[in-house]
Structures are given as C-alpha cells and as structure tokens.
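The structure appears right after this line, and notes come after that.
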Amino acid sequence: MTVVTRTRLTQYAHGGGCACKIPPSELEALVAGLTTGGPLGIGATGTVLVGLDDGDDAAVVLTEAGALVATTDFFTPVVDDPYDWGRIAATNALSDVYAMGGRPVVALNLLCWPRDVLPVELAREVLRGGLDVAASAGCHVAGGHSVDDPEPKYGMAVTGLADPDRLLRNDAGQAGVPLTLTKPLGIGVLNSRHKGTGEVFPQAVDAMTTLNAEASRAALDAGAVCATDVTGFGLLGHLHKLARASGVTAEIEAAAVPYLEGAREALADGYVSGGTRRNLDWVRPHADLYAIDENEALLLADAQTSGGLLVAGELPGHPVIGHLLPARPGITIAVR
C-alpha cells in the first residue's frame, strides 16, 4: 500500500526531473575529449561500439557474450508522490536501454536523501516504485548506492543486452526516412505546473511510467536502425543531436506532433522550465523555425521526463511527425 503523505517532494528540489539536467551546450563542452586515450590496460574486455562521440542514449560494448548496453540516469523529484517518482525515475533510466534496441537485465539504485529532513519511509516508497517498474520490465534490481544529500535524487544504473547487428543508434539516420514519435509531448510544462500549484496530472504520470519496451521492439521489427528517446533536451534538442550525428536535416510537421491534454494551457499560463528555454536557445542557431511562433517552439523544446522514442522509421499505431532529408548547410532541423 502506498504511504499517504502531504509532503510536497517537488518543493525540496531546485528543478524537476530531466529539466534539471546540465544545459546541453555546457555539457558538450564539459565532456569534450573525455574519452579513453590510447590502449587500455591489461585485461580490458570488449570493444566500444557506441561511446561518447555522438551523445547517444547509452554506451554499447561488444563482448564475447554479445553487445552490453550500459547507462545511468537519476534526477530530483518531478512529482510529489514518492511511489510515482520512483516509478517515473526507473522508467526513465530503463528507457536508455530500449532506445538502443536492447533489453534491460540488471539495475542498481542510486539514491540521494536528506535523512534529517525527509522521513525514511518516503525514501522506501521511492525505492518500491523503482522496484515495481523494474519487475514489470523483467529487470533485476540488485542493490545500489545511497548518500545523505541536502536535495533528494533518485534513479538507476542499468545494464542490458542487445544484438550488435540490430542496434538503434542516433548516427544511423538516412535521408528519405519518416520520423515517428511514440509518446505525446507536454510532460515538462505539466510537471512545471504541478511543482508550482500542486495540481496532479494523471495523464502525465501515465505517460512517464509507460515503458518504451514495446516501442523498441516495434522499431526493431520494422527494421529501424536509428532512434533516440526524448527526455531533458526536448524533441528539438534530441532531434538536433540525431540529425547532426547522422549528417542529415530533419523536417518536422508541427501540426502532426501530439501533445498531452492541458499542455498548451500550462504553456499559456507561463509554466515553462528554465531547462526548456535553454534547450531552445541551444538549438535555435541550427534550426529553421520561421514557420512557427515562439510558443510552438517552446513546446517542441519542452524538457521531457521519461518521454517516448523518436524513431527513424514508421511504427504502426504511432504518428509520423516528419522526415529526414538531405543535409542543408548549417541547418539540422526545419519546422513546417
């Protein structure tokens, strides 16, 4: 049974969910050049297939046992309910494995908790939410790590397996292929409204706790080789990275992009995170946005938490929102 609490977890965090990520422009500068230099030491195992170069969703190492997929993701409270926060954070962490075409095998909890401020019973509920989601994904949870921290944070380090010949990569997009989005946008603005007002949006929680397992399988079954998940950098940010890595330009049909109920109203009422505005500022120099207004651009840059997959390919039951086109000089995204 879920513990009933009046504690508003979101009030203990400076940001919420994936909107609290380090801005993409700063992050890329931070990690530039931080790859393994030269030969590895004695006993090194496997070959890196996907690493830091293109900012993909997870690392992939080819070993004798197959392709090993490794990722980690954690963040501050995005909702006030501790059990739901745990479910959302775990779903989000598992998503990186699905975004690579893999299946999660084992996860480790990552928990930061202000033990003198918030009851330990709430932390237990967070962990229970993560455990339940991992169980539904067929993924073992085998321990983890915790620290006493002034700000609560939770997530998972996840290891999975994939077929090295059937990976979904962000650098494998080709001109002429449609773009499919498997979850509606608008999670970010609804979460911002929740943090500001305490209003609960079940449609946002449902979206954030829906695993991308089925979408990943559908993408592989359709023969897709290129995908990413849409999280803290928004649709525009993650699509910019995909198009840049693939050497193409992506064209989006703004009218085809689905949104959660209440998203436009939340935007109109000013519930836009700083992360969303930074996303748009980062992408704007590389995007043709002249066909849409600023509000539409902000929705397309909305910082999602545990969003859907963006797949280069057509998936039954999900909307096609655009296409990949031959590269245009200096432009990775054009919105129509």
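The values are calculated or read from the model by the stated rules, or taken from the named source; none is laboratory data. What you are looking at is a predicted structure, and each value in this text was computed from that prediction instead of being measured. Please note: Cβ atoms are built from the backbone with ideal geometry, for glycine as well, and neighbour counts cover all protein chains shown.
For every residue, the table says whether it meets (1) closer than 26 Å to Q174 by Cα; (2) at pLDDT below 95; (3) within 20 Å of the chain's Cα centre (by Cα).
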residue: F233; (1), (2), (3): yes, yes, yes
residue: A243; (1), (2), (3): yes, no, yes
residue: A256; (1), (2), (3): yes, no, no
residue: Y259; (1), (2), (3): no, no, yes
residue: G270; (1), (2), (3): no, no, no
residue: L289; (1), (2), (3): yes, no, no
residue: I292; (1), (2), (3): yes, no, no
residue: A297; (1), (2), (3): yes, no, yes
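Listed by first and then second residue, the pairs with beta-carbon distance under 6 Å, at least 6 apart or on different chains, first residue in the stretch 106-131 and in a helix (DSSP H, G or I), second among the hydroxyl-bearing types (S, T, Y), are E125/Y83; V126/Y154; G129/Y83.
Each residue in the stretch 65-97 was checked for being over 18 Å from A213 (Cα atoms), surrounded by 22 or more Cβ atoms within 10 Å (Cβ to Cβ) and among the hydroxyl-bearing types (S, T, Y), and 1 of them qualify. Look at (1) over 19 Å from the mean Cα position of the chain (by Cα); (2) among the aromatic types (F, W, Y); (3) crowded, with 23+ Cβ neighbours inside 10 Å and you find that Y154 fails only one, number (1). The set of residues in the stretch 272-287 that are within 19 Å of the chain's Cα centre (by Cα) and small (G, A, S) comprises S273, G274, G275. Checking each residue in the stretch 190-207 for being closer than 26 Å to H318 by Cβ and either without any contact (Cβ under 8 Å) to a residue 12 or more places away in the chain or in contact with a strand residue (DSSP E or B) (Cβ under 9 Å, 6 or more places away or on another chain) (or both) picks out P202, D206. For the stretch 283-291, check the following and say yes or no: at least one residue is surrounded by 16 or more Cβ atoms within 10 Å (Cβ to Cβ), farther than 17 Å from V257 by Cα and of a type in the set (D, E, K, R). There is no residue in the stretch 283-291 that is surrounded by 16 or more Cβ atoms within 10 Å (Cβ to Cβ), farther than 17 Å from V257 by Cα and of a type in the set (D, E, K, R).
In summary, strands (runs of 3 or more DSSP E) completely within the stretch 148-239 and bearing 3 or more residues that are not small (G, A, S) occur at 153-162, 178-181.
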